[in-house]
Amino acid sequence: MTPILVSADDYGLAPGVGHSIRELIAAGRLSGTSCMTSCPGWPSEAERLRPLADLADIGVHLTLTDQPSLRVIAGFAPDRRLPALSEVLRRALTKALPLDEIGREIEAQLDSFEHAMGRRPDFLDGHHHVHQLPGIRTIVADVAARRLTPGGYVRTCTDGPLRIVTRRVATVRALVLTALGTGFRRLLARRGIRTNRGFSGVHDFTGQVPYAALFERFVQGARAGTLIMCHPGFVDAELRAADSLTDQRVNEHAFFAGADFLALLARRGLRVTRFRDTIGA
């Protein structure tokens with residue numbers, strides 16, 4: 001059976017998100033999760049995650065948009081509130097980011113992970129995929145070479161254009177992510193840093209199409225090492241205060257926790273596994 005990665009983003013964002021992800025990890029439904037270590041609830045959420053750390057890949061969801069920062073960043077997060085994605089994207093493309101300060105914030109987020117979990121992360125990715133942006137991606141490659149566990153990896157959000165077009169889900173956005181990620185993948189390869197071998201899971205989060213139907217498309221053409229990003233969670237007051245993505249998380253949790261997910265995997269000849277089990281497959 002083809003080994004794939006199903007990785008949940010946003011652990012640490014809110015208690016309901018953490019509860020959902022832990023439940024799915026314990027049931028063997030996820031390959032891993034990436035953690036937002038600058039969020040206020042991270043220390044307590046890390047304590048709840050530690051007993052499950054041997055069951056899944058646990059990484060850092062590098063956060064440079066919309067959420068709190070760990071450090072004051074002059075001209076970027078002066079009040080320890082990170083800017084919107086549109087602002088980060090504009091400044092990245094015009095080479096106007098304070099990269100030295102951003103590098104120190106990224107190091108602080110990894111320090112926060114290691115302090116709470118007592119170990120290095122298994123992988124790195126980015127909230128809103130900002131880890132692939134020009135300037136930031138060079139920092140991420142440097143950090144990954146020094147601070148991942150042996151055999152760790154960095155998520156790249158690239159896939160074959162034909163697979164993206166055939167899926168017919170958020171096609172333009174997925175193609176843009178692939179364009180941004182292609183140079184990043186080459187950079188990581190030059191540094192000898194492992195990556196996933198395909199990427200899916202991008203959609204509009206409106207819930208207009210049932211998530212089970214979306215996931216069926218996400219795994220079309222999946223090969224060994226393809227990573228499907230997901231956002232399961234339960235809604236609570238903290239989540240509503242922190243993020244606009246709320247009710248759709250419940251739909252994703254219900255799908256992954258249910259029998260339809262297992263049936264789909266069996267039908268497609270897929271198995272959910274950790275990254276180390278995709279190497280050489």
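Each reported figure results from applying straightforward, stated rules to the coordinates on display, with no laboratory input. A quick note: this is a predicted structure, and the numbers were derived from the prediction, not measured. Please note: Cβ atoms are built from the backbone with ideal geometry, for glycine as well, and neighbour counts cover all protein chains shown.
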Checklist entry - Considering amide H positions built from the backbone, and no H for Pro or chain starts, which residues 5 or more places from GLY59, or on another chain, come under 5 Å of its amide H? => result THR33, SER34, CYS35, ASP122, PHE123
Checklist entry - For a label point 7 angstrom out from the Cα of ARG268 toward its Cβ, which stretches of the range 147-165 have the backbone nitrogen within less than 20 Å? => result 155-165
Next on the checklist: I need the phi-derived Karplus couplings for the range 76-83: 6.51 cos²θ - 1.76 cosθ + 1.60, θ = phi - 60°, integer Hz, Gly and Pro marked x.
Outcome noted: 9, 9, x, 10, 6, 10, 6, x
Next on the checklist: Using the crude model of +1 on Lys and Arg Cβ and -1 on Asp and Glu Cβ, and no other charge, please compute the dipole size for the range 2-277 relative to its Cα centre, in debye to 20.
Outcome noted: 1220 debye
Checklist entry - Each label point is 7 Å from the Cα along the Cα-to-Cβ direction; what then is the distance between the points at THR94 and THR166, in nm? => result 4.1 nm
Next on the checklist: Run the numbers for LEU55 and ALA257: contour at 0.36 nm per residue of separation, minus the present Cα-Cα distance, in nm.
Outcome noted: 71.1 nm
Checklist outcome for this item: Length gained, ARG186-ALA213, 0.36 nm per residue minus C-alpha separation, equals 6.5 nm
Checklist outcome for this item: Per the 1/(1 + (r/R0)^6) rule, R0 = 25 Å and r from the Cβ atoms of ALA241 and ASP277, FRET efficiency to 0.05 is 0.10
Item to check | Inter-site label distance for ARG223 and THR149 at 7 Å from Cα along Cβ, in nm | outcome: 2.7 nm
Item to check | Karplus-derived 3J(HN,Hα), 6.51/-1.76/1.60, for each residue of the range 225-242, Hz, glycine and proline x | outcome: x, 5, 10, 9, 6, 8, 9, x, x, 10, 8, 9, 4, 5, 5, 4, 6, 9
Checklist entry - Where in the chain are the DSSP H helices whose alpha-carbon span along the long axis reaches 18 Å or more and whose Kyte-Doolittle mean is at least 0.5? => result 171-190
